[in-house]
Amino acid sequence: MISCAKIAANVVGASCSPSVVGIEPEVVLINFEDIESVTESGNVVSGITLATGTHGYKYESAKNAFEASAALAAGTYLNKVTHQVIFRIFLKSQTIKDELDKMLNARLVAIVKNLDKATAAVRYEVYGLEAGLTLSDLQSTSTDTDGVVYTGTLASEDGKGESTLPKSFFTTDYDTTKAAVDALVA
């Protein structure tokens with residue numbers, strides 16, 4: 001029997017200044033097939049190279065409009081981690097509808113920016129890097145009292161989870177990392 005992992009570090013799981021939960025109201029989405037290579041060490045991504053002529057897309061919305069999560073998907077033989085990003089859109093336009101229609105069959109990678117500014121090394125996280133995220137739910141209602149027009153969920157497909165929690169995206173320092181993420185967007 002092989003051992004794929006053993007814990008190897010002491011962990012302090014709390015401090016006098018707890019982490020700020022939540023993510024910024026913007027997400028960078030990249031078509032999974034546009035990623036040519038990823039530079040990473042351990043579970044930290046330091047660069048993503050996209051195919052020539054392609055780029056990611058920034059989705060922005062209202063405060064608290066985005067949520068990101070990861071959860072254990074217990075398997076019979078191997079465990080996986082499912083990744084999920086929920087987005088809410090408060091405008092209705094043909095451009096938005098066209099892009100949501102394209103998401104129906106797309107496989108995407110999402111980069112989120114955490115609200116917690118205490119540790120630059122985990123400010124950005126990448127969801128769906130190994131297997132991609134697909135649209136698992138899309139709702140549109142004309143009766144939402146908060147003005148939400150569309151709510152969508154990008155998630156790992158059943159049986160196609162990731163091998164780790166979302167990978168951190170970090171290069172040298174916060175400013176360099178932000179520049180690297182911004183460079184992925186047109």
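Note on Lys117: lysines with a C-alpha under 19 Å away, same-chain residues under 8 apart excluded, are Lys63, Lys167, Lys178. On a 0 to 90° scale, report how tilted helix 94-103 is relative to the longest principal axis of the chain, with both axes built from alpha carbons and the result rounded to the nearest 10. That helix lies at roughly 40 degrees to the long axis. Taking every DSSP helix (H) stretch of at least 4 residues in the chain, weighting each as -39,500 (n - 2.57) and dividing the sum by the residue count yields a mean residue ellipticity at 222 nm of -3000 deg cm²/dmol. Maximal additional length on extending the Gln94-Asp158 stretch stands at 20.0 nm, based on 0.36 nm per residue less the C-alpha distance. Helix 174-183 and the longest principal axis of the Cα set of the chain meet at an angle near 50°.
Val81 sits among other residues whose Cβ lies under 10 Å from its own Cβ, and their net charge, with Lys and Arg +1 and Asp and Glu -1, is -1.
Only aspartates and glutamates eight or more places from Lys160 in sequence, or on another chain, were considered; those with a Cα closer than 17 Å are Glu33, Glu130, Asp137. DSSP assigns beta bridges within the chain; of those with both partners inside it, close to 95 percent run antiparallel.
When Thr143, Thr95 are arranged by Cβ crowding within 10 Å, least crowded first, meaning fewest neighbours, the order is Thr143, Thr95.
Every number here is computed from the coordinates shown, using simple stated rules; none is lab data. In this text, all values refer to a predicted model and were calculated from it rather than measured experimentally. Neighbour counts run over all protein chains shown; Cβ positions are idealised from the backbone, glycine included.
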